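So the structure is just underneath, and the comments pick up after that.
The values are calculated or read from the model by the stated rules, or taken from the named source; none is laboratory data. Remember, predicted model here, so these are calculated numbers, not experimental data. We place every Cβ from the backbone using ideal geometry, glycine too, and count neighbours over all the protein chains shown.
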Amino acid sequence: MRHNPFQQLRGLCEGAEHEFDGIVSTLIRTKYPDARRVRVYRGDGGVDTSYGDWGDQGSLDVFQVKYFPDVFGDAQKAQIRDSYKVANANGNFRMRKWILCLPTILRQEDLTWFDKWKAEQDTHIELWDGDRMEELLGLPGASSARDRLQRLGVVGLPHAQAVLEPILHARPDITSFGTRFSLQLDIINTGDRSAHDVRLIIKHSKTSHPTLEAVSPWQKESPVLNPRSLSSGKSINPGETLLVMAIPFGEVIFPVEITIQVTCRDTPKKEWRAVVDAAAISSSGRIPFQATSLAREELLPRTDGQPEFGPAQEILDRILENPNVGTRGVSVILRDLPGGAPGHVAFYATTEPSSKGLLSMERETLAQALQELKTLGWLKDCGEAGATRVYSLIKAPLVLANAASSP
């Protein structure tokens, strides 16, 4: 039978109850950053951790932590009832909600007793069981709790991860060159692992002003300014914020929209969208982004027909380097080659493979790149030919003489 990280504490340390109490308090703050732990002095008054305001005029969510790693018995049920009574009778606050935190999941008979008991009380009562605790433990903000459990010898903990999120601020104080305001874009890593090979694709409403250059360490992956494709060779460490760029606007019709795709190594691609109105500009505050479902058809085709995904542009460049126009395309090897890197696919940037020019790319990256080139009308899927799948070039290169200066 699997023991979750919290149940394992019992066999790893003598103060399992104390450790669990501290870890749960940390996990609560991943959901409620302003939650506060209560110091035990002549009893805790029925409160282990609280969220809200104390006093007659305030209201409080009360978290009661019980280290019951096994099934309920009469003693455990009595402790739950007594803790609730003490908290409910505490004159230092008005109880808004009472939450029982446990290290394990309950049996049917335990849940039956608990649900019947809470229905008889006059306060909203919730149960945060072992499953809920593990869910919180997997959040990026729970890294300190995971570190604490790891030091105690707990196994099977969630892996660390990078979580990149965009931050947008309106800056109305720019008056040069006829600008009314600018949108300052930053990226923050809210995870507990450094983000590597970061790529951004930024698309925004039209502006009558050239988009400002991205700041170091960001590099352009194409000359197009909207949408703009950027990459960074610098890792973004946990808690670190990087300035990306500022987008100036003159006379505009509100609302203004901005979308950003964020990609980094070992992390799924995410897309965010923000809508900016006149009130947001006046407040000069932070403008919230909303995560959106990532749909390639919503972003393509681009007005200039050029790939926005870096690997797609790389493949296209190699195709166009082929002096034999009749064989321009891609041939993907359908079998794993001996000695090839795990998860990689071999291919040629030509429709007629030879002994030279063999390339390799991660399977998912190549699939995404080829899909974009097909969607943009550069490549046609000609199907399988022996041990390869062939894509032929069907579109002539576009001239981008004015792309670098187009907003």
From the list ARG96, ARG36, ARG29, which residue is touching a residue at least 60 places away in the same chain (Cβ under 8 Å) and under 33 Å from the mean Cα position of the chain (by Cα)?
-> ARG29
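Collect the residues in the range 232-249 that are polar (S, T, N, Q) and buried (at least 18 other Cβ atoms within 10 Å of the Cβ), keeping them in residue-number order. Before you say what the answer is, go through the steps one by one.
Of all residues in the range 232-249, those polar (S, T, N, Q) come to 232, 235, 237, 241.
Of everything in the range 232-249, just one residue is polar (S, T, N, Q) and buried (at least 18 other Cβ atoms within 10 Å of the Cβ), namely SER232.
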Residues of the range 360-407 that turn out to be at pLDDT below 65, surrounded by 13 or more Cβ atoms within 10 Å (Cβ to Cβ) and either under 29 Å from PRO342 (Cα atoms) or of a type in the set (Gly, Ala, Ser) (or both), as a count | 2
Of the criteria (1) among the acidic types (Asp, Glu); (2) surrounded by fewer than 20 Cβ atoms within 10 Å (Cβ to Cβ); (3) touching a strand residue (DSSP E or B) at 6+ places or on another chain (Cβ under 6 Å), which one ASP70 fails | (3)
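For VAL252, state whether it is modelled with pLDDT under 85 and buried (at least 18 other Cβ atoms within 10 Å of the Cβ). Spell out the reasoning first.
Values: modelled with pLDDT under 85: yes; buried (at least 18 other Cβ atoms within 10 Å of the Cβ): no.
Here the answer is no, as VAL252 does not meet what is asked.
If you check LEU183, LEU149, LEU139, LEU157, which single one turns out to be crowded, with 16+ Cβ neighbours inside 10 Å, of a type in the set (A, V, I, L, M) and under 27 Å from GLN306 (Cβ atoms)?
Unique residue meeting the criteria: LEU183.
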Working only within the range 255-293, note down all residues that are hydrophobic (A, V, I, L, M, F, W, C) and crowded, with 17+ Cβ neighbours inside 10 Å.
-> VAL256, ILE258, ILE260, VAL262, CYS264, TRP272, ALA274, VAL276, ALA280, ILE281, ILE287, PHE289
Selection from the range 34-63 of residues that are surrounded by 18 or more Cβ atoms within 10 Å (Cβ to Cβ) and touching a Gly at 6+ places or on another chain (Cβ under 7 Å) | GLY52, LEU60, ASP61, VAL62
The number of residues in the range 127-171 that are outside any helix (DSSP H, G or I) and at negative phi is 23
